[in-house]
Amino acid sequence: MKDDHIEAIIARYIKDGDTVSIGSNPLGEKFVKKLALAIEAKHIPIADIDFIPTSFSMASLASQMGLRISALNEREIDVGIEFVDQIDGNYNFVKRNSTSFVRDKMICQSAGLLVAICNEGGFVEKIRGKIPYEVETFGWKRTLMQLDGFGRAQRRIDEKGDPLKTETGNYLIDVEFDRLFNYEELEVLTKNVPGVIESGLFIGLADKIVVHGKSIKLMSRVDV
């Protein structure tokens with residue numbers, strides 16, 4: 001994502017005094033750096049914000065960059081920014097890489113304004129492909145077997161071949177679905193499986209969509 005696109009998004013959606021949270025991934029880290037530098041250099045009319053991190057790495061980075069750290073227990077979020085893999089025209093999206101989908105979902109539901117950012121290839125008519133699930137480690141094979149009833153389910157592993165865990169200590173299982181479901185039906189059916197804690201499917205939570213490529217395209221379903 002181009003630096004000038006990041007600066008334009010910051011200037012458009014973040015206001016002085018806002019409480020902000022940004023999703024954890026490489027683009028999110030770049031966004032945090034640009035936000036802190038823009039505030040310090042007074043490139044944008046923002047002097048002060050509170051930042052709620054979703055991961056240890058984001059908390060460490062924000063602290064290094066001089067942003068004031070807050071917590072969801074202390075305040076609600078004015079602006080949440082998520083970097084997503086796919087999003088449709090009805091503002092449903094899927095996020096596949098996260099340190100904790102539980103935290104992500106809590107952040108998204110708290111945000112007064114949620115901005116979902118994807119590359120131009122990620123704006124789709126209907127979400128397809130894998131959907132990740134955060135699952136309890138206890139009895140995970142049973143959970144995987146039940147999720148496999150919906151499609152092809154596989155637990156994620158790291159580069160060493162060890163099980164990949166979220167920061168909240170849970171496993172991640174990716175499910176490639178054999179048939180299309182209604183999104184709401186899919187959420188209910190899969191999250192009724194004992195052991196499933198949260199999914200990477202976010203239904204109707206986005207307020208703004210930013211599609212980036214050579215240029216940026218903005219979409220909104222709210223007036224703010």
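The values are calculated or read from the model by the stated rules, or taken from the named source; none is laboratory data. Just so it is clear, the structure is predicted and the values come from calculations on it, not from any experiment. Don't worry about glycine lacking a Cβ; one is built from the backbone with ideal geometry, like all the others, and counts go over all protein chains shown. The protein model used for the area step is the full one, side chains on, heavy atoms only, and it has no ligands, DNA or RNA in it. Shrake-Rupley method; radii C 1.70, N 1.55, O 1.52, S 1.80 Å.
Quick look at the values:
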{"read-out": "Selected residue (criterion: farthest from GLU82 (Cα to Cα)) from residues of region 17-35 that are assigned to a loop (DSSP other than H, G, I, E, B) and among the small types (Gly, Ala, Ser)", "value": "GLY17"}
{"read-out": "Looking only at region 30-39, and only at residues there that are among the aliphatic types (A, V, I, L, M) and at pLDDT 85 or above, the one that is nearest to the chain's Cα centre (by Cα)", "value": "VAL32"}
{"read-out": "Answer residue from region 88-104, given it is within 22 Å of GLU76 (Cα to Cα) and of a type in the set (Val, Ile, Thr) and is modelled with the lowest pLDDT among those", "value": "THR99"}
{"read-out": "So GLU7, is it in a helix (DSSP H, G or I) and either touching a Phe, Trp or Tyr at 6+ places or on another chain (Cβ under 7 Å) or open to solvent by 60 Å² or more (accessible area, probe 1.4 Å) (or both)", "value": "yes"}
{"read-out": "Verdict on THR137 being of a type outside the set (A, V, I, L, M, F, W, C) and not in a helix (DSSP H, G or I)", "value": "yes"}
{"read-out": "Pair list, Cβ under 6 Å, 6 or more apart: region 3-29 residue modelled with pLDDT under 90, other residue assigned to a helix (DSSP H, G or I) and among the charged types (D, E, K, R)", "value": "ILE6/LYS34"}
{"read-out": "Positions within region 36-69 being touching an Asp or Glu at 6+ places or on another chain (Cβ under 7 Å), surrounded by 18 or more Cβ atoms within 10 Å (Cβ to Cβ) and assigned to a loop (DSSP other than H, G, I, E, B), in sequence order", "value": "ILE46, ILE49, THR54, SER55"}
